[in-house]
Amino acid sequence: MRADPDTWIVGAVPNAASAKVAGRFATHHIGLRGTGGYTVARSQARAFANALKAKHLLVYAQANVLRKTLSMPDDPLSGPPNNWRATVADPSLMPPPVTPQSPLIALVDAAADMTHPEWTGDPNVATLPGTPVDNPHGTATMSVAVAPQNGIGILGVWPGARALNVPLKTSPGTDGEITCAESGDGIAKAVANGASVINMSYGSPSRCAAEWVQIYFAVAKGIIPVAAAGNEFEDGNPLEFPASLPHVVTVAATTPQDKSAEFSNANDAVDLSAPGVDIMTAVPPALPDPDKAQDGYSLQSGTSFSAPMVSAAIAWVRAARPDLTPDRVVQAIRLGARDVAKPGWDPLTGFGVLNVGNSLNLPADKLPIPDPLEPNDNIVWVKGKLFNGKRAPAIWSGGAPKRLNALLDEQEDPVDVYRIVIAGGKSAKVSVIPRFGDPSLEVFNSSAIGVSDEAGRVAVSEHAGSKKTERVTVKNTGTSSHSYYVAVKPQGDSRYQEREYTLRVG
Ligand SMILES: [Ca+2]
Ligand SMILES: [Ca+2]
Ligand SMILES: [Ca+2]
Ligand SMILES: [Ca+2]
């Protein structure tokens, strides 16, 4: 038996009499008060135990046996030079146990091959039926997220975590492309199946309103959307969607040397990076192997493989830190990233390379405050024209003043809109007190179609500077009560994207 040669452990009835006996020897009490275990020098162990025994206070005695630090053993294809996982998650970090209640990672993607040997006997992964496996992409993204520690192939970021492949039909005659309607339907299925995180390793420069609505619906339910930044840096570096929508965690790709991958799109929407060059992935054995060695595994490159690493890390942090709101989980992932390239955030790598350990350990008081009532980025989202057909609850309808603290971000959260109700003939005093950076204040009546519609604007206050409180008074000159929409936006040319403010109405 391997044990510490110098000490012994003696367990006593946890009471004052035992403590008195322990005080006569060179002892150290182990752990919480009232648990009664002591370490003692080996030379004194027998005398201490006998002294306790004489007073019927001895409970146990044993050698101070050694424990090995646990670490995640590699599977055959996850060791060097394929050890990207060690870059994002220290192998000594043990992921939380997987239970039926663990956060579900939904990967909206090409159909995954569930007959792949990597998933044999794995009860935690699934796909939705009915779509043929015609493309390696869905199998690969799922493996990077959750491939189990099973002596076969590779390890995902959270090996053995719960994952659902939501298969999309690829459009005939294209190179595995999908329509935006398919994407919207896939996101909705992920929501309906209880996703905690939705991974979208696809995109294009075209916006798609239907996809946007589904993503914001997910955000409103506390689900975190993650998307690949895109692989077109050398083809004009266009903004791609859904990656560049507000509230989406946008993932760029880095090389094994922590440099931005030459193909990885760079823009203000990028939140962080993860390895994306020569990533060992599982691929369907029955399809032609992308790297030509027909073995069910293939080295692949692209932001498509970086994004599911972040999705799995988000699920892990959600499991380990259930006290954090979803927006603060995203902040823990962003701010926990290991800074690379230019110091601080940059458009190539965002806040840096994913680092699960840092994100797990960032103290809650180092994270930004929770940001309430998102997504509220324009009047349509709050008025119920796009969502549920229901208006967002009013934050004030008369009576005592209401306050709330909130955040903006020029890219990720460009506008905050809140509904208030003013009774006929009454007024509301609205103010925005800056806490960080410079916000502006506008109020719109319910005829306004959006926060750029000046015809519907009934009040505005936009003093330059981060010290000045914005104040307006809005009077409802009609006889019946009406909804008004308070809009807070970033202003000024701060080098920071973030704003924090207190809104007061009443
Ligand atoms: Ca494996
Ligand atoms: Ca983003
Ligand atoms: Ca906000
Ligand atoms: Ca907002």
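The values are calculated or read from the model by the stated rules, or taken from the named source; none is laboratory data. All values derive from a computational prediction rather than experimental measurement. All Cβ positions, glycine included, derive from the backbone under ideal geometry; neighbour counts span all protein chains shown.
Name the residues in segment 1-46 that are among the β-branched types (V, I, T) and within 15 Å of A63 (Cβ to Cβ), would you? Listed by number, the residues that qualify are T7, I9, V10, I30, T39, V40. Pairing residues of segment 248-277 that are farther than 23 Å from V197 by Cα and surrounded by fewer than 24 Cβ atoms within 10 Å (Cβ to Cβ) with residues that are modelled with pLDDT of 95 or more and basic (K, R), at Cβ distances under 9 Å and at least 6 apart in sequence or on separate chains, gives D258/R338. Criterion applied to A293, A307, A266, A243 was being away from ligand 2 (no atom under 12 Å from the Cβ) and under 27 Å from I223 (Cβ atoms), and the one residue passing it is A266. Any residue in segment 323-330 that is modelled with pLDDT of 95 or more, surrounded by fewer than 24 Cβ atoms within 10 Å (Cβ to Cβ), farther than 30 Å from P205 by Cβ and touching a Leu at 6+ places or on another chain (Cβ under 9 Å)? Yes; the residues of segment 323-330 include at least one that is modelled with pLDDT of 95 or more, surrounded by fewer than 24 Cβ atoms within 10 Å (Cβ to Cβ), farther than 30 Å from P205 by Cβ and touching a Leu at 6+ places or on another chain (Cβ under 9 Å).
Just one of (1) among the hydroxyl-bearing types (S, T, Y); (2) farther than 30 Å from Q101 by Cα; (3) within 16 Å of ligand 4 (Cβ to nearest atom) fails for Y216. It is (2).
For segment 186-212, which residues satisfy the criterion of being part of a loop (DSSP other than H, G, I, E, B) and surrounded by fewer than 17 Cβ atoms within 10 Å (Cβ to Cβ)?
N193, G194, P205, S206, R207
What are the residues in segment 334-359 that are buried (at least 19 other Cβ atoms within 10 Å of the Cβ), of a type outside the set (S, T, Y) and farther than 30 Å from V486 by Cβ, if any? G336, A337, V340, L348, G350, F351, G352, V353, L354, N355, V356, listed by residue number.
Residue under question is I422, and the condition is that it be modelled with pLDDT of 95 or more and over 28 Å from the mean Cα position of the chain (by Cα); does it hold? Yes. Does S183 satisfy the criteria of being small (G, A, S), surrounded by fewer than 16 Cβ atoms within 10 Å (Cβ to Cβ) and touching an Asp or Glu at 6+ places or on another chain (Cβ under 6 Å)? Taking the combined requirement at face value, the residue does not satisfy it.
Here's a check for you: in segment 399-427, which residue that is crowded, with 20+ Cβ neighbours inside 10 Å and away from ligand 2 (no atom under 16 Å from the Cβ) is farthest from T479 (Cα to Cα)? By that ranking, first place goes to A406. State whether the residues of segment 52-74 include one that is of a type outside the set (G, A, S) and within 30 Å of P225 (Cβ to Cβ). Yes, that holds for at least one residue.
Kindly indicate whether S440 is modelled with pLDDT of 95 or more, farther than 30 Å from S244 by Cβ, surrounded by 14 or more Cβ atoms within 10 Å (Cβ to Cβ) and over 27 Å from the mean Cα position of the chain (by Cα).
In short, no.
Checked against (1) more than 28 Å from the chain's Cα centre (by Cα); (2) within 30 Å of N124 (Cβ to Cβ); (3) of a type in the set (A, V, I, L, M), L93 passes all but a single condition, namely (1).
A243: of a type outside the set (F, W, Y), over 24 Å from E410 (Cβ atoms) and either assigned to a helix (DSSP H, G or I) or not assigned by TED's automatic domain parsing to the domain that holds R495 (or both), yes or no? So A243 fails the test. Out of the residues in segment 474-506 that are more than 19 Å from V417 (Cβ to Cβ) and among the β-branched types (V, I, T), which is surrounded by the fewest Cβ atoms within 10 Å (Cβ to Cβ)? That would be T479.
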